[in-house]
1. I need every pair where a residue in segment 32-56 that is over 16 Å from Val121 (Cβ atoms) and touching a residue at least 24 places away in the same chain (Cβ under 8 Å) has its Cβ under 6 Å from the Cβ of a residue that is open to solvent by less than 10 Å² (accessible area, probe 1.4 Å) and assigned to a strand (DSSP E or B), sequence separation at least 6 or different chains.
2. In segment 32-57, what count of residues is obtained for those that are touching a strand residue (DSSP E or B) at 6+ places or on another chain (Cβ under 6 Å) and either open to solvent by 30 Å² or more (accessible area, probe 1.4 Å) or among the basic types (Lys, Arg) (or both)?
3. In segment 11-22, how many are under 18 Å from Leu120 (Cα atoms) and either surrounded by fewer than 18 Cβ atoms within 10 Å (Cβ to Cβ) or among the charged types (D, E, K, R) (or both)?
4. Of a type outside the set (A, V, I, L, M, F, W, C) and touching a Ser or Thr at 6+ places or on another chain (Cβ under 9 Å) - does that describe any residue in segment 68-79?
5. Where residues in segment 72-92 are open to solvent by less than 60 Å² (accessible area, probe 1.4 Å) and over 17 Å from Leu10 (Cβ atoms), which of them is nearest to the chain's Cα centre (by Cα)?
Amino acid sequence: MQEHHDDSDLLVILRHAPHGSSWLREGLDAALVAAAFGRGVSLLFMGEGVTALLPGQQLGPLGQKGTAATLDMLEMYDIETLLVEEQGLSHFGLSSDELMLEVECLSPAALARVLSGHRLVLTF
């Protein structure tokens, strides 16, 4: 069964919440840089990473910006494949229609297919 992720050769996995560390921001930056160099990039939000997609984020305790501004840039860089781990959403009691952007929810089986279908995987 062919899925539509074939045009992407880099998968960036975002596992961290927006605040508390710079991992999420660095992951998004890496995705933007790769896309700027013409790579097909997919983003996968897993675990706490799914909370990065919630609207109305406040500044973090150390004044870190929320991720909304960076997420708005994804489209400009043609990063359109936004994947979310179903388990991560349900863990936080969220549904995909509460998120800021259009995402594709992945079951564990679909997740395994996506992971094996990318040549390059970066985890943040």
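The values are calculated or read from the model by the stated rules, or taken from the named source; none is laboratory data. Remember, predicted model here, so these are calculated numbers, not experimental data. Note: ideal-geometry Cβ built from the backbone for every residue, glycine included; neighbour counts use all protein chains shown. For accessibility, only protein heavy atoms count, side chains too; no ligands or nucleic acids. Shrake-Rupley method; radii C 1.70, N 1.55, O 1.52, S 1.80 Å.
1. Final answer for the pair search is Val50/Val84.
2. Here the count works out to 1.
3. Selection size over segment 11-22: 1.
4. Applying the first criterion (of a type outside the set (A, V, I, L, M, F, W, C)) to segment 68-79 yields 70, 72, 75, 77-78.
Imposing the further condition that a residue be touching a Ser or Thr at 6+ places or on another chain (Cβ under 9 Å) reduces the set to none.
Among the residues of segment 68-79, not one is of a type outside the set (A, V, I, L, M, F, W, C) and touching a Ser or Thr at 6+ places or on another chain (Cβ under 9 Å), which makes the answer no.
5. My answer is Val84.
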